[in-house]
Amino acid sequence: MIGTVVENIKLNDKYYYMIINNKDFVENAKVGQFLMVQSKEYDYINDPILRRPFGVCDVDYDSGDFSILYMIVGKGTMLLSTFKKGSKIEFSSPLGNSFTIQNEKNVALVGGGIGIAPLYFLAKKLKNNNCKITLYFGGQSETDIIFLDKFEKFVDEIVVTTNDGSKGLKGLVTEPFIKNIDYYDYVYSCGPKKMLEAVSKICINSGKAVEVSLDERMACGLGACLGCIVYVRDNDGNEIQKRCCVEGPIFDGSKVIWESVCRG
Amino acid sequence: MIESLKINLCGVEFKNPIITASGTFGYGLEYANHIDLNKLGGISVKGISLKEVKGNPMPRIMETSAGMLNAIGLQNVGVERFIKEKLPALRKYDTKIIVNFWGKTLEEYIEVARVLDGEDVDMLEMNISCPNIKEGGIAFGTDPKMTYEVVYNCKKVMKNKPLIVKLSPNVTNIKVFGKVAEEAGADAISAINTLLGMAININTRKPFLSNITGGLSGPAIKPVAIRMVYELYKTIKIPIVGIGGIMNYRDVIEFYLAGASAVQVGTANFVDPEIPIKIIDELDNYLKCNNIRNISELTGKVEI
Ligand SMILES: Cc1cc2nc3c(=O)[nH]c(=O)nc-3n(C[C@H](O)[C@H](O)[C@H](O)COP(=O)(O)OP(=O)(O)OC[C@H]3O[C@@H](n4cnc5c(N)ncnc54)[C@H](O)[C@@H]3O)c2cc1C
Ligand code: FES
């Protein structure tokens, strides 16, 4: 697919927010899905070669705009940050499975750093379904705590933590979350794998359902390369393989075999 | 039908010479919702073995400059399930089906070749060049005696289908292997498979891939592939299917000039599934502009 860059906004030195116009994409995108984005403007340049996966952060059905929220990591995201308003950008259709949207429940969203990107789209849908939402948002420091003003419209409560204490409570996001776990019916989480594992274990121990969005390195995003395998347990307890790009990126956190999920 | 792109490879009529490479196109069906498979000249499916293979632990892929490393480990459903679960759906498309296959032992190679030869497929492609598995695969592709043995014995049990032998670039002299495969009865050669490579994370001081090493593919390896196709063309008489970093029609023309009679598009399928289709349209246009009636006229026409 090809879209037009409507805005490519620098939020701070680490984070950018890109709005892209493409009606087809917006009509088909489900909450929790991702897309593979071509980070270079000219296809006769061969490096970097692979498209980059990003979660769908928001969609606007009226204007046909959707957005991604991204963190500068390496060459792909660096190039992405140079796209100007009005330029054309190439990407895949919406890919992967989606979050299940609960109705009239008490839900917790636990986001770590850039992991809040897909949680924004999710928060809007949950609000629509009259859920009562708490956002637990953890970062390394103040620069990681972005988008709060946007979330405020859709969530009922926000709890912020930073590792260095520069904003919100000092410490890990799981600390306030575990204290209040009994209150929630359903938990959604996206962020670093260590955090997802901790959140999943807290939920398992208190018998709460938990959906996590997992990031694996991806080449194709279509289920063909088999580069993005996640090991999970099926209902009989057998270890099975799932492709993060097709059968994921959303997984039941209690089924993921966390020891085998690759880090780094 | 584009007349300028029709080719005949070992008696099989292809509507165009663009084939998707094994390992980069799953069983074809993964791409059915993304592109029109009927437009492709052919599909070479993921390497099939006698029994199901679960593949290597993660991480299995890593991007590198103008290419990528992979160590998937020839994960596949096994020949029986392939025939039952994948082939019937794939056969519904109007494109040639090439089944890439491999074995851990000589006996396994022969058995898979025998079974597939009796199925509704167009060609077989023997993989003696995967760098990512411990047993079989590359061992057969880096020792000329073993190459002869495996090609000769598989050909003996194959009564119906032409056999392409996919060569490894991880040898000192690829001409030797081309020659040996030809003498053993191969109907065509495909070259090249991935180059053995490695990448290290300087922060953790660990290799990026769990398998330590992996196969390098993409535009980064194209000059090596062009050189090898050129060397093979001068050495053997059977047709050569050129593979290695093809991203656009210019790359296809370059492979033809070096000596190719068809090509396979690999890593590009990951980058953008539309690329093979775009190449077909661009090629037609190029041939028209240059008054070339059929692409086959270009095979081996590099001017030295
Ligand atoms: C399903 C999914 C959703 C994602 N959503 C977002 C999002 O909404 N916002 C955001 O900022 N990031 C997101 N990521 C991570 C994002 O894809 C990477 O940060 C990005 O690919 C880095 O590219 P780079 O070229 O800048 O980094 P480099 O390190 O130079 O990239 C090298 C290679 O590693 C891959 N890679 C590097 N980091 C990651 C990672 N964390 N996950 C997967 N692949 C990686 C790249 O795609 C590339 O192939 C998501 C990843 C996945 C799998
Ligand atoms: S990224 Fe290729 S199979 Fe998932």
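Some points to look at:
- When residues of the stretch A:100-116 are limited to those that are in contact (Cβ under 8 Å) with a residue 60 or more places away in the chain and surrounded by fewer than 21 Cβ atoms within 10 Å (Cβ to Cβ), the one farthest from ligand 2 (Cβ to nearest atom): A:ASN106
- Only one of the numbered conditions (1) within 14 Å of chain B (Cβ to nearest Cβ); (2) surrounded by fewer than 18 Cβ atoms within 10 Å (Cβ to Cβ) is violated by A:ILE204, and that is (1).
- Note on the stretch B:26-68: residues that are in contact (Cβ under 8 Å) with a residue 12 or more places away in the chain and part of a helix (DSSP H, G or I) total 5.
- Contact map, the stretch A:211-239: residues that are among the basic types (Lys, Arg) paired with residues that are in a loop (DSSP other than H, G, I, E, B) and within 16 Å of ligand 2 (Cβ to nearest atom), Cβ distance under 7 Å, separation 6+ or inter-chain. Pairs shown: A:ARG217/A:GLY227; A:ARG217/A:CYS228; A:ARG217/B:PRO59.
- Residue satisfying all of: in the stretch B:260-298; under 18 Å from the mean Cα position of the chain (by Cα) and among the polar types (S, T, N, Q); nearest to B:SER4 (Cα to Cα) among these: B:SER261
- Test result for B:VAL79, within 16 Å of ligand 2 (Cβ to nearest atom) and β-branched (Val, Ile, Thr): no
- Residues that are under 21 Å from A:ILE49 (Cβ atoms), in contact with a strand residue (DSSP E or B) (Cβ under 6 Å, 6 or more places away or on another chain) and away from chain A (no Cβ under 14 Å), drawn from the stretch B:245-279: B:VAL252, B:PHE255, B:VAL263, B:GLN264
- In the stretch B:47-85, residue nearest to the other protein chains (Cβ to nearest Cβ) [restricted to those that are of a type in the set (S, T, N, Q) and closer than 20 Å to B:LEU106 by Cα]: B:GLN75
- Any chance A:GLY139 is without any contact (Cβ under 8 Å) to a residue 40 or more places away in the chain, surrounded by 24 or more Cβ atoms within 10 Å (Cβ to Cβ), of a type outside the set (A, V, I, L, M, F, W, C) and within 14 Å of A:VAL173 (Cβ to Cβ): yes
- Residue that is surrounded by the fewest Cβ atoms within 10 Å (Cβ to Cβ) [pool: residues in the stretch B:23-56 that are modelled with pLDDT of 95 or more and of a type in the set (Val, Ile, Thr)]: B:ILE35
- Among (1) on the phi < 0 side of the Ramachandran plot; (2) within 14 Å of chain B (Cβ to nearest Cβ) - the single one A:ARG233 does not satisfy: (2)
- Among the criteria (1) within 14 Å of another protein chain (Cβ to nearest Cβ); (2) more than 21 Å from B:MET158 (Cβ to Cβ); (3) out of contact with any helix residue (DSSP H, G or I) (no Cβ under 6 Å at 6 or more places or on another chain), the one B:LYS92 does not fulfil is (1).
- B:ASN16 vs. criteria in a loop (DSSP other than H, G, I, E, B), in contact with a helix residue (DSSP H, G or I) (Cβ under 7 Å, 6 or more places away or on another chain) and surrounded by 20 or more Cβ atoms within 10 Å (Cβ to Cβ): yes
- Taking the criterion of being out of contact with any Leu (no Cβ under 8 Å at 6 or more places or on another chain) and either of a type in the set (Ser, Thr, Tyr) or within 14 Å of another protein chain (Cβ to nearest Cβ) (or both), the residues of the stretch B:1-22 that qualify are B:ALA21, B:SER22.
- From A:ASN12, A:ASN8, A:ASN97, A:ASN28, residue being among the polar types (S, T, N, Q), buried (at least 16 other Cβ atoms within 10 Å of the Cβ) and touching a Ser or Thr at 6+ places or on another chain (Cβ under 9 Å): A:ASN8
- Selected residue [more than 15 Å from ligand 1 (Cβ to nearest atom) and within 30 Å of B:THR64 (Cβ to Cβ)] from A:ASP60, A:ASP43, A:ASP47, A:ASP24: A:ASP43
- A single entry from B:GLY218, B:GLY244 fulfils the requirement of being surrounded by 24 or more Cβ atoms within 10 Å (Cβ to Cβ) and touching a Lys or Arg at 6+ places or on another chain (Cβ under 8 Å): B:GLY244.
- Boolean, A:SER189 is closer than 30 Å to B:LEU209 by Cα, more than 16 Å from ligand 1 (Cβ to nearest atom) and not assigned by TED's automatic domain parsing to the domain that holds A:PHE54: no
- Selection over the stretch B:256-275 of residues that are part of a loop (DSSP other than H, G, I, E, B) and aliphatic (A, V, I, L, M) gives a count of 1.
- Counted residues, the stretch A:179-192 - those being surrounded by 15 or more Cβ atoms within 10 Å (Cβ to Cβ) and either hydrophobic (A, V, I, L, M, F, W, C) or over 12 Å from the mean Cα position of the chain (by Cα) (or both): 5
- Taking the stretch A:40-94 as the range and being away from chain B (no Cβ under 14 Å) and within 16 Å of ligand 2 (Cβ to nearest atom) as the test, the residues that pass are A:PHE54, A:GLY55.
- Qualifying positions in the stretch B:176-232 - among the β-branched types (Val, Ile, Thr), within 14 Å of another protein chain (Cβ to nearest Cβ) and not in a helix (DSSP H, G or I): B:THR194, B:ILE200, B:ILE202, B:THR204
- Restricting the first member to the stretch B:154-176 and to residues that are within 20 Å of B:ASP117 (Cα to Cα), and the second to residues that are surrounded by 22 or more Cβ atoms within 10 Å (Cβ to Cβ) and of a type in the set (Ser, Thr, Tyr), the beta-carbon pairs closer than 6 Å and six or more apart or on different chains are B:CYS154/B:TYR109; B:ILE164/B:SER190; B:LYS166/B:SER129; B:LYS166/B:SER190.
The values are calculated or read from the model by the stated rules, or taken from the named source; none is laboratory data. In this text the structure is predicted, and so the values were computed from the model without any measurement. Don't worry about glycine lacking a Cβ; one is built from the backbone with ideal geometry, like all the others, and counts go over all protein chains shown.
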